[in-house]
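Asker: I have a structure here, written as structure tokens, and I will follow up with some questions on it.
None of the figures in this text is laboratory data; all of them are computed from the coordinates on show. Owing to the predicted nature of the structure, the values given are computational and were not obtained by experimental measurement. Virtual Cβ from ideal backbone geometry, glycine too; neighbours counted across all protein chains shown.
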Amino acid sequence: MGILIKSEIRKMLLKPSIIITWIVLLLFSKILIRPDTGAEVWADVFSKIYGIVPLIGLITFMIISATYTLEYSSNMNELINTTQNGKKKVVMAKWIGAGISTSIVNVSIVFIIYIDGLIKSNFSGLDLPLKELWYFGNSGSNITVLQMMIILIITVIIGSFFFSELGLYLSAISKSASIPFIFGGLLMGVPYILSGILSQGGYAKYFGVTPLWGMMSSELIRYKVPMALIIVQILIVVAGFVFLPRVTYKAFIKEGKR
């Protein structure tokens with residue numbers, strides 16, 4: 001299993017298009033933050049991290065969109081389905097490999113912004129409560145900047161695995177690289193756009209049920225999302241982790257029997 005996972009990670013991350021896009025995003029992330037006081041810098045950090053969600057979504061679905069296409073186009077799925085336990089191991093290896101790959105890329109982007117924030121703030125402000133930052137001004141939260149940084153890294157990893165599994169499912173049922181890219185992008189993009197439009201009316205908090213806001217957990221704090229909505233979101237994500245691998249597996253072996 002370990003060999004399969006490493007193979008999948010290499011296939012996903014070592015594509016020239018992924019490497020180039022990844023480098024460009026890291027360089028872009030490096031220039032987002034302006035030097036200022038600690039409070040201003042860290043408000044800017046969290047603002048910019050959520051602001052580049054479309055780019056994070058772009059590279060996430062670039063990594064996983066064609067995951068099953070190669071097996072289908074080369075008829076490898078038929079060979080895999082004749083191998084004892086082969087299909088289960090491949091589906092699991094693809095999910096773990098995709099989750100690790102997208103986590104590495106997405107966390108590296110967040111880390112670059114964090115490091116730039118540390119430099120631009122002269123390593124100050126990590127103990128500031130979020131309620132003192134303009135980005136979280138109405139939250140009343142006593143969570144510190146450092147605590148939010150850690151929480152965000154954890155939820156970015158969880159979200160990367162969730163969206164990876166969603167993309168793998170779409171890839172398995174569509175046998176297309178474009179379908180996961182389009183529909184996965186919509187699942188991330190629609191809440192991102194609508195939350196910005198509806199934020200003035202106080203409706204943005206209802207997007208707390210979406211996996212996107214689970215991934216970008218700073219928004220849950222910013223908009224004081226009620227615990228009931230957070231619980232619904234957690235249930236959605238847990239259900240995704242339980243059921244998406246199963247339906248992906250079924251879709252993969254179904255194609256192999258045709």
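Asker: Which Cα, out of Met149, Ser139, Ala239, lies furthest along the positive dipole direction of the stretch 115-258 (beta carbon charges, K/R +1, D/E -1)?
Answerer: Working it through, the farthest residue towards the positive pole turns out to be Ala239.
Asker: Sticking with this structure for a sec: Once both axes come from the Cα atoms, what is the angle between helix 2-13 and the longest principal axis of the chain, in degrees from 0 to 90, rounded to 10?
Answerer: Result, in degrees: 60.
Asker: Then there's this: Output the Kirkwood hydrodynamic radius of the chain, Cα pairs only, in Å rounded to one decimal.
Answerer: Working: mean 1/r = 0.0522 Å⁻¹.
Hydrodynamic radius (Kirkwood, Cα only) of the chain equals 19.2 Å.
Asker: Once you keep just the Cα pairs under 8 angstrom separated by 6 or more residues, what percentage relative contact order results for the stretch 2-256?
Answerer: Values: 345 pairs, mean separation 65.0, N = 255.
The value is 25 percent.
Asker: Only helical DSSP H runs with n ≥ 4 go in: add -39500 (n - 2.57) per run for the chain, normalise by residue count and round the 222 nm mean residue ellipticity to 500 deg cm²/dmol. Spell out each step's value before the answer.
Answerer: On the way: 12 runs with 190 residues, N = 258.
The per-residue figure over the chain is -24500 deg cm²/dmol.
Asker: Would you list the P(r) distribution for the stretch 116-258, with all Cα-Cα distances sorted into 5 Å bins from 0 and each bin expressed as a whole %?
Answerer: Histogram of Cα-Cα distances, whole percents per bin: 2, 9, 15, 18, 17, 13, 11, 7, 4, 2, 1, 0, 0.
Asker: Just to confirm the number: angle between the C-alpha axis of helix 38-51 and the first principal axis of the chain, 0 to 90 degrees, nearest 10?
Answerer: Once rounded, the angle reads 30 degrees.
Asker: Whole-Hz ³J(HN,Hα) for each residue in the stretch 26-31, computed from phi via Karplus 6.51 cos²θ - 1.76 cosθ + 1.60 with θ = phi - 60°, x for glycine and proline: what do you get?
Answerer: Result, rounded to whole Hz: 5, 5, 5, 4, 5, 10.
Asker: Can you check what the net charge comes to around Leu26, using other residues whose Cβ is under 15 Å from the Cβ of Leu26 (Lys, Arg +1; Asp, Glu -1)? Could you put the intermediate results ahead of the total?
Answerer: Working: positive: Lys30, Lys48; negative: Asp116.
Cβ neighbours under 15 Å give a net charge of +1.
Asker: If packing is taken as the mean number of other Cβ atoms within 10 Å per residue, what is the order of 134-145, 55-66, highest first?
Answerer: On the way: 134-145: 16.2, 55-66: 23.1.
Result, highest mean Cβ count within 10 Å first: 55-66, 134-145.
Asker: Less than 10 Å Cβ to Cβ from Lys205, Lys/Arg counted +1 and Asp/Glu -1: what total charge do the surrounding residues give? All intermediate terms of the calculation are to be shown ahead of the outcome.
Answerer: Details: positive: Arg222, Lys224; negative: Glu219.
That sum, taken over residues with Cβ under 10 Å, equals +1.
Asker: A further question on this structure: Where nothing but the Cβ of Lys and Arg (+1) and of Asp and Glu (-1) is charged, how large is the charge dipole of the chain around its Cα centre, in debye to the nearest 20? List each step's numbers first, then the result.
Answerer: Values: 22 positive and 12 negative charges, 195 e Å.
With only Lys, Arg, Asp and Glu charged at Cβ, the dipole is about 940 debye.
Asker: Taking 32 Å as the cut-off for C-alpha to C-alpha distance, list the pairs among Lys87/Lys224; Lys15/Lys250; Lys11/Lys250 that go past it. Before the final figure, lay out each step's value.
Answerer: On the way: Lys87/Lys224 43 Å; Lys15/Lys250 28 Å; Lys11/Lys250 23 Å.
Listed pairs above 32 Å: Lys87/Lys224.
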